[in-house]
Amino acid sequence: RRAILRAAVGLGLFAMLTAGIVAGTRALTAERIADNRQASQHGQLVEVLPEGLADLDIQRLVDAAFTLPASPALGQKAPFTAWRASKQADQEEGRQDAAVVLPVIAPNGYSGDIELLVGITASGTISGVRVTRHQETPGLGDAIESRKSDWIEDFTSHSLGDPGPGGWAVTKDGGDFDAFTGATITPRAVVDAVHRSLGYVRDHHERLFGDMPDTPTPDAERQEEM
């Protein structure tokens, strides 16, 4: 009985030690992964800004982060962090260049959520889009990554009014944005998410740019186009 008891105690201690090592390794790995993701995200923040703001110091941009309430339109179920960048563009006229960078989630990717950073100027024009996380099929859906193809660049300079009605869809659905051969679901999800982010900026323009009265609004831009 003593031998059995000693064996049981030894086995229990071994199991506890193993569990502790696994838990510790997982915690360290998770922290490292989180740090790497944050560093990658910070680098992509600059990539989605308009040309006039691309020379901003990354730390200044990170420090300009602010919190927004949960938004179904952006796929955000809890308060989330966004970023705003601005600088004086015309000293005499007092005009400023300004843009926000929004983290947007497309929940309807082929393999789950697709996380994006979408840069949008105060006038409602897309300055850039980048995919920060996804689980789409390698060789097919992963063409949404900027390092795999230039497809994601097609959103730059578009707005709610450009393309016109029906244009904010993939070509297979009658829209203006290309799909991938054999992978329509992925680009369809991204196009929809980017379109919704433009609507969000239009509907919350005062919250995002309220202290910049000299910046044109998306509504004004649409009127000029018409």
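Out of (1) surrounded by 15 or more Cβ atoms within 10 Å (Cβ to Cβ); (2) modelled with pLDDT under 90, what's the single condition that is false for His204?
Among (1) surrounded by 15 or more Cβ atoms within 10 Å (Cβ to Cβ); (2) modelled with pLDDT under 90, His204 violates only (2).
Before we move on, is Asp150 out of contact with any His (no Cβ under 7 Å at 6 or more places or on another chain) and loosely packed, with under 14 Cβ neighbours inside 10 Å?
For Asp150, the condition - out of contact with any His (no Cβ under 7 Å at 6 or more places or on another chain) and loosely packed, with under 14 Cβ neighbours inside 10 Å - is met.
Conditions tested, residue by residue: (1) open to solvent by 50 Å² or more (accessible area, probe 1.4 Å); (2) hydroxyl-bearing (Ser, Thr, Tyr); (3) without any contact (Cβ under 8 Å) to a residue 24 or more places away in the chain; (4) within 23 Å of Arg207 (Cβ to Cβ).
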{"position": "Ala64", "(1), (2), (3), (4)": "no, no, yes, yes"}
{"position": "Lys87", "(1), (2), (3), (4)": "yes, no, no, yes"}
{"position": "Gly112", "(1), (2), (3), (4)": "no, no, yes, no"}
{"position": "Ser127", "(1), (2), (3), (4)": "no, yes, no, yes"}
{"position": "Ile144", "(1), (2), (3), (4)": "no, no, no, no"}
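I need a count of the residues in the stretch 153-194 that are of a type in the set (Lys, Arg) and surrounded by fewer than 19 Cβ atoms within 10 Å (Cβ to Cβ).
Of the residues in that region, 1 qualify.
Cβ-Cβ under 6 Å, sequence separation 6+ or interchain: first residue in the stretch 48-62 and open to solvent by less than 60 Å² (accessible area, probe 1.4 Å), partner among the acidic types (Asp, Glu). Which pairs?
Correct list of pairs: Gly52/Asp97; Leu53/Asp97.
Can you tell me which of Val100, Val104 is touching a Lys or Arg at 6+ places or on another chain (Cβ under 6 Å), modelled with pLDDT of 80 or more, part of a strand (DSSP E or B) and within 22 Å of Asp203 (Cβ to Cβ)?
Unique residue meeting the criteria: Val100.
The values are calculated or read from the model by the stated rules, or taken from the named source; none is laboratory data. Keep in mind that what you see is a predicted model, and the values were worked out from it rather than measured. Cβ coordinates were reconstructed from backbone atoms using ideal geometry, including for glycine residues, and neighbour counts include every protein chain displayed. For the accessible areas, the whole protein counts, side chains as well, though only heavy atoms, and no ligand, DNA or RNA atoms are used. Shrake-Rupley method; radii C 1.70, N 1.55, O 1.52, S 1.80 Å.
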